[in-house]
Each structure stands twice: as structure tokens, then as C-alpha cells.
Amino acid sequence: MVTPKDLKRLVIVAASLLALFALLLIQFYRVQIIEGEKWQKAASRQHHASFAIPYERGIFYSNPTLRKGHPESPVPLVVDLLRFHLYADPIAIPASHRQALARALGEILTLQDHTKLEQQLGKKSRSRKLKLWLTPEEKEAVLAWWQPYARKHNLVRNALFFVQDRKRSYPFGKLLGQLLHTVRAERDPQERRAFPTGGLELSQNRYLQGEDGRQVMLRSPRQPLDPGEVVKEPKHGADVYLTIDHHLQAIVEEEIKKGVLQAKAKSGWAVIMEPKTGEILAWAQYPFFEPAKDADYFNDPQKESDTVIKAITVPFEPGSTIKPLTMAIGLAANKERAKQRLPSLFSKEEKIRVSPRPFPGRTKPLKDLQSHRFVNFEMAMQKSSNVYLATLVQRIVETLGHQWYLDQLENVFGFGVKTGIELPAESGGFLPRLGKRYKSGREQYSKPTPYSLAIGHNLLASTLQMVRCYAVLANGGFEVKPTLIRKIVDKKGNVVFEHKQEKGRRLIDEEIALQVRESMRYTTKMGGTARRAGIPRYTAAGKTGTSEKVVNGVYSKKDHISSFLGFAPVADPAFVLAVVIDDPLYEYVPGVGNQMGGVCAAPVFSAIGLETLEYLGIAPDDPEGKVWQPEMAALKKQYDTWNR
């Protein structure tokens with residue numbers, strides 16, 4: 001018979017069971033519903049591992065079509081190689097095996113310090129990086145030792161595991177280093193995107209960049225990670241096909257190195273461009289930059305400047321290389337005057353006095369480097385007469401105005417305007433403007449300014465800007481836009497971008513371009529300022545430049561940037577080439593100074609020009625060196641008559 005006491009006990013037990021069941025329901029609801037996602041992730045971490053499937057970053061290809069008859073198979077200038085990162089699961093490795101494991105891995109991977117590995121193996125973690133960027137051969141060597149060792153000592157075999165990745169590699173080493181640049185070893189921890197260090201890697205990153213895929217793998221305590229499901233396929237980056245030919249690039253790099261060392265200079269660079277299309281055929285700079293050793297450069301302040309693309313980031317006063325452009329502007333002024341039914345400002349045959357003389361606003365008379373009494377258009381180009389060019393500009397600004405002259409420099413030849421080349425950090429240079437002032441309050445453009453501009457002073461231009469200017473003369477007067485990229489193609493073969501070779505707008509008359517071009521041929525012949533720039537068996541034209549650098553706020557007589565710009569063959573130029581030697585040693589060379597552009601830059605132009613023409617398969621247009629001999633003799637006779 002159930003007593004009241006027993007009934008009370010039953011009620012208490014039932015209530016307790018009900019309360020316990022209610023607590024279990026509440027806990028079940030909390031774990032399964034409220035915190036279900038949290039515990040599901042925890043369980044997944046215990047039984048599954050998620051790894052990135054690395055994308056392949058787009059690669060750069062050389063131009064195989066430059067030389068006729070060469071195979072058109074694309075040649076990679078940089079490739080993305082499969083590499084592996086070695087990880088450990090320290091919790092799964094008993095302490096008694098850590099030292100032996102660290103020593104064995106150190107010997108296999110030729111590491112001098114084994115203690116760092118042992119420290120990583122002692123961390124309380126499920127995942128620690130031991131060594132990055134292992135080759136497939138190194139990975140196999142580690143597995144060949146580890147798997148028997150783990151089996152013998154009954155260790156968890158996936159306590160060591162590998163994660164795939166890709167690393168930039170450079171088949172041609174330093175070739176095109178400054179333009180290509182590289183990507184840092186570290187990636188964005190969230191999206192695993194690469195960090196470009198500069199150059200084309202940076203400017204074309206939106207095309208080169210891809211997206212990692214994702215693979216889920218099953219954790220097994222005694223077995224290696226079992227292949228799992230690919231939940232996201234990687235998206236590979238697009239490939240960039242350059243206008244540069246690696247054969248020609250190697251030639252130019254070798255010659256600019258010789259030139260810099262010969263001149264005992266700080267650095268030097270050279271750019272070759274096809275004048276009609278604007279395609280860059282080669283672009284070299286010495287000292288070189290090796291992308292595979294980027295850390296050596298970026299961690300050394302003295303070497304970091306070697307990573308900078310100086311042909312677009314270091315504008316300088318062009319000096320006498322601007323004189324052909326000043327002459328073109330003078331001829332254009334004659335055309336403008338003819339439209340207004342007014343007499344010409346000058347004629348090419350006019351005998352102009354070039355003795356030292358003052359110009360408006362100048363405190364000192366302007367003079368030529370060598371003494372002349374009278375010259376005409378072609379003699380002025382040959383002898384690089386400062387006074388002649390300043391005289392032309394004086395006539396221009398006194399009749400057509402200062403703004404007309406500035407418009408020619410900016411709108412025709414592009415001074416103060418970036419070229420738009422596919423590279424970061426391009427400088428637009430500097431062109432003084434009417435009515436504008438420097439921070440000091442001094443006017444940018446004052447009375448003496450046009451006469452300084454006429455001979456390449458009081459303005460700044462990059463090397464590529466000057467190459468663009470000379471291309472206008474070489475191609476008959478048309479606008480040209482420099483480019484490094486022929487096309488961009490994704491991994492499926494779709495053309496994402498393609499450079500269209502369209503003729504630009506006419507900037508100067510063809511007759512003007514031809515007259516200036518023909519006058520420039522005298523500079524590379526006997527009596528000219530750049531005889532060393534002559535190319536054996538070919539006609540060549542160009543102009544030297546020697547600019548004093550500003551040191552501590554004043555022009556230095558011992559620090560220079562020396563250059564030569566020109567093209568060949570003269571009748572139908574295949575290329576425009578600029579050679580710049582930065583800070584050649586200031587020393588005496590019999591008859592001239594080592595720092596002069598005609599001494600240190602002109603010979604490099606000659607060497608590169610000859611090898612380029614031969615490589616392109618262009619037949620010599622002056623095989624015996626006798627072209628223009630009658631014209632040369634006539635010009636010399638007239639010059640001697642005027643300057644007795």
C-alpha cells in the first residue's frame with residue numbers, strides 16, 4: 001500500500017526527472033538551434049581541413065613577331081611555378097620526437113638552424129608553418145623520410161602536411177627586371193591576393209590577378225589527408241603579351257652596361273621605340289634589378305634606386321636634344337605666317353650671325369660652345385648652335401606671341417604631358433606656364449624663358465617623352481602613343497585587350513618633319529657634334545644633349561645627364577633610340593670632356609643601332625659610307641667661306 005510519504009517521494013522523483021528532461025531539451029535546443037552553427041564548425045574543424053587551391057597568376061610573354069622569319073611561339077619572360085609550404089600539427093607530435101624531427105627536416109632542407117623548427121613544433125597549435133616555397137623535389141624528399149618514420153613510431157602520418165602555392169620565377173634572370181618587377185612572397189591574408197612591388201606587375205595587376213579555389217579534405221588520425229571535394233575552382237589570371245623582343249632586350253642591356261662602365265657613370269638607360277606604332281622594342285637600365293632577389297634591393301637603400309624605372313620617373317633638362325624640335329617649331333611658324341599672308345620669319349638658307357649676343361631678360365650674352373660667325377639651318381643643327389636657335393625663338397615670340405610658342409611645345413610635342421605608357425609612377429615633366437608662379441613667388445615664364453626653352457633649359461622632360469617627340473619627326477609628323485602591350489589573353493584563349501595600331505592625328509607637316517630629319521643627319525658625320533653615333537653601313541640621324549644637374553639648388557659643372565637621341569635609317573626610320581648616361585665621371589678626354597653626350601652616349605647609340613638593324617634584318621642603305629658626300633662637301637665649303 002502506497003503511503004503518503006512514498007507518494008511524495010514519487011512526485012519528487014518525477015518532478016526531478018521532468019526538470020532534468022526539460023534541462024536536456026533546453027540544452028539540446030541551445031546546442032542544436034541557437035549554437036548549432038558554432039558547434040557544426042567546431043566539428044568540421046576536427047574532421048575536415050579546408051585548403052586553398054592556388055590560382056596561376058598571369059605571365060608575361062616576349063614578342064616573337066619582331067624579327068621576320070622567327071618562329072611565333074610565345075616565349076615566357078616570367079612563369080608561375082607550383083611550390084609547397086610545409087606545415088606541422090604540433091599537438092599530434094609527441095615531445096620525445098620533436099628534436100629528431102627538427103634535425104631530420106633541417107638536413108633534408110639544408111637549414112643551418114634547426115632550433116627554429118623545434119620551437120615551432122613545441123607550440124600548442126594544430127597548424128604551424130615550418131618552411132615555405134619547397135620545390136616538388138623537396139616535398140618528395142620530406143615525404144620519403146617522414147612516412148616510414150611515422151609508420152615505424154606509430155605517429156599520426158598527417159602531423160606533417162603540405163599546402164600548395166605558386167611562386168614567380170624568371171627564366172631570363174635580370175632581363176627586363178625594372179619593367180616587370182615582381183610580387184611579394186606574402187599575400188593578403190583574407191583574399192590571398194598578391195602584392196606587386198611595381199612595374200608591369202602593378203599596372204597590369206587587375207588582369208594578372210586571379211582567385212584561389214577551395215578544397216575540403218577529411219582529417220584521419222592515422223592516415224594522410226584524404227582527397228576531398230573541390231568546392232571552388234581557381235580562377236587563373238590573364239597573360240600579357242609584350243611588344244618587347246627578349247633577344248633585342250638582351251642586346252640593349254649588354255650595351256647600356258658597357259656604356260655606363262666605360263663612362264664610369266652612376267647609371268644609364270636606353271629605350272627603343274617603333275616610330276609609327278609606338279611599340280617599345282626594348283627598354284634597358286643599368287645597374288640591373290633582379291626580381292627573384294627583390295628583398296636584397298628593397299632592404300638596401302643604396303640598391304633600392306635600381307628598382308625605379310628612370311626613363312619615366314626621372315625628368316631632366318633635355319638640353320640640346322630639344323633643338324630639332326625648336327627648328328620644327330620655327331618651320332611651323334613660317335607656315336603659320338604664310339596662312340596670315342605675312343613674310344616668313346627665316347629661310348633655311350639664311351645666313352644668321354651667331355656671335356655671342358644678349359637676348360631680352362638675360363644678364364649674360366648667349367654663346368655657342370664652339371666659336372662661329374655665321375651659320376644657316378643645317379649648319380646650326382650640325383654645330384648645335386645655341387645662338388641660332390635662340391634667334392629663331394626670338395622672332396617667333398615677337399611675331400606670333402609667347403603663348404603660340406608654348407602651345408607648340410605642349411600640344412604638338414607633349415612637354416608637360418604624360419605619355420600614358422602602361423607603367424606606374426610616370427612623371428609628366430615640367431613646362432613653365434604664362435601667368436603661373438613658383439612657390440617662391442617667382443614667375444615660371446619670364447622674359448628670358450623662351451631663349452632657355454629653345455636650347456632645352458628651364459623645362460623638364462622624361463626620356464620617354466623625348467622618344468615620343470623624335471618619333472613625330474621620324475614618322476612624318478604624326479602623333480604616336482608609346483605602348484608595351486600587344487594583347488592580353490585569358491586562360492581560355494579569349495582576347496581581353498588588344499593594342500590597335502591606328503595612325504594618330506597629324507601634328508606637323510610632312511615637309512617640316514622631312515626637312516628637320518634631313519638636317520639631323522649632319523650631326524653624325526664629319527664636322528658634327530655626334531660623329532661617334534654614326535652607324536656603319538647605315539644612315540643615322542640624331543642629336544646629343546649634355547645637361548648640368550642641380551646640386552644643392554645650383555647647377556653643377558661636374559654633374560651631368562648626357563644623352564643621345566636618334567633614328568635610323570634616315571629615309572624610313574625603323575626605330576627611335578634614346579641613350580641616357582647619368583652622372584658620367586667628370587674628367588678630361590683629349591679634345592672633349594668625358595661627360596659630353598657625344599662622347600659617352602653617342603657610341604652606345606651606334607652599337608645598339610647597328611645590332612638592332614642587323615637583328616631586324618634591315619638591309620644597309622649606305623654600305624660604302626658615301627651617301628650624302630656631295631651634300632657634306634658643299635655644306636663644309638659654305639661654312640668655311642662664312643667663318644674664315
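The values are calculated or read from the model by the stated rules, or taken from the named source; none is laboratory data. Everything numeric in this text was worked out from a predicted model, so none of it was measured. Reconstructed Cβ throughout: ideal geometry from the backbone, glycine too, with neighbour counts over all protein chains shown.
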* Asked: Scanning for something assigned to a loop (DSSP other than H, G, I, E, B) and at pLDDT 85 or above, does region 117-133 turn up at least one residue?
  -> no
* Is at least one residue of region 303-316 among the basic types (Lys, Arg), assigned to a helix (DSSP H, G or I) and assigned by TED's automatic domain parsing to the domain that holds PRO573? -> yes
* So which residues in region 292-323 are without any contact (Cβ under 8 Å) to a residue 40 or more places away in the chain and either surrounded by fewer than 17 Cβ atoms within 10 Å (Cβ to Cβ) or at positive phi (or both), if there are any at all? -> LYS293, ALA295, ASP296, ASN299, ASP300, PRO301, GLN302, LYS303, GLU304, SER305
* **Every residue from region 332-346 that is surrounded by 12 or more Cβ atoms within 10 Å (Cβ to Cβ) and not in a helix (DSSP H, G or I)** => LEU342, SER344, LEU345, PHE346
* Is it the case that some residue within region 387-398 is at pLDDT 95 or above, of a type outside the set (Asp, Glu) and not in a helix (DSSP H, G or I)? -> no
* **Selection from region 402-447 of residues that are more than 27 Å from the chain's Cα centre (by Cα) and buried (at least 18 other Cβ atoms within 10 Å of the Cβ)** => TYR405, LEU406, GLN408, PRO432, TYR445
* To do: List every residue pair whose Cβ atoms lie under 7 Å apart, where the two residues are 6 or more positions apart in sequence or sit on different chains, the first residue falls within region 401-418 and is more than 18 Å from LEU473 (Cβ to Cβ), and the second residue, located anywhere, is of a type in the set (Gly, Ala, Ser) and surrounded by 18 or more Cβ atoms within 10 Å (Cβ to Cβ).
  => GLY416/GLY429
* How many of the residues in region 547-565 are within 20 Å of ALA263 (Cα to Cα) and either over 27 Å from the mean Cα position of the chain (by Cα) or at pLDDT 90 or above (or both)? -> 8
* Structure fact -> Residues in region 339-375 that are touching a residue at least 24 places away in the same chain (Cβ under 8 Å) and within 16 Å of THR529 (Cα to Cα) total 2
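A quick yes/no check of all residues on (1) surrounded by fewer than 18 Cβ atoms within 10 Å (Cβ to Cβ); (2) of a type in the set (Asp, Glu):
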site	(1), (2)
LEU86	no, no
ALA100	yes, no
ALA104	yes, no
GLU107	yes, yes
GLN119	yes, no
LEU134	no, no
GLU137	yes, yes
GLU140	yes, yes
* Members of region 266-281 found to be closer than 20 Å to CYS600 by Cα and touching a Phe, Trp or Tyr at 6+ places or on another chain (Cβ under 9 Å), listed by number -> SER267, GLY268, TRP269, ALA270, VAL271, ILE272
* Asked: Is it the case that region 191-198 has a residue that's in contact with a Leu (Cβ under 7 Å, 6 or more places away or on another chain), within 25 Å of PHE288 (Cα to Cα) and outside the structural domain of ASP89 (by TED's automatic domain parsing)?
  -> yes
* Asked: Across region 324-338, which residue is nearest to ALA578 (Cα to Cα) among those that are touching a residue at least 24 places away in the same chain (Cβ under 8 Å) and among the hydrophobic types (A, V, I, L, M, F, W, C)?
  -> LEU325
* Please give the number of the condition SER562 fails out of (1) touching a helix residue (DSSP H, G or I) at 6+ places or on another chain (Cβ under 8 Å); (2) in a helix (DSSP H, G or I); (3) polar (S, T, N, Q). => (2)
* To do: State the number of residues belonging to region 314-355 that are among the hydroxyl-bearing types (Ser, Thr, Tyr) and under 21 Å from GLY566 (Cα atoms).
  => 3
* Given (1) within 26 Å of LEU248 (Cβ to Cβ); (2) crowded, with 23+ Cβ neighbours inside 10 Å; (3) in contact with a His (Cβ under 9 Å, 6 or more places away or on another chain), index of the condition THR546 fails -> (1)
* Taking the stated definitions as given, is VAL480 β-branched (Val, Ile, Thr), at pLDDT 95 or above and part of a loop (DSSP other than H, G, I, E, B)? -> yes
* Structure fact -> Listed by first then second residue, the pairs whose first member lies in region 434-460 and is free of Cβ contacts under 8 Å to residues at least 40 places away in the same chain and on the phi > 0 side of the Ramachandran plot, whose partner is buried (at least 19 other Cβ atoms within 10 Å of the Cβ) and outside any helix (DSSP H, G or I), with beta carbons under 9 Å and at least 6 positions apart or on separate chains, are GLY435/TYR445
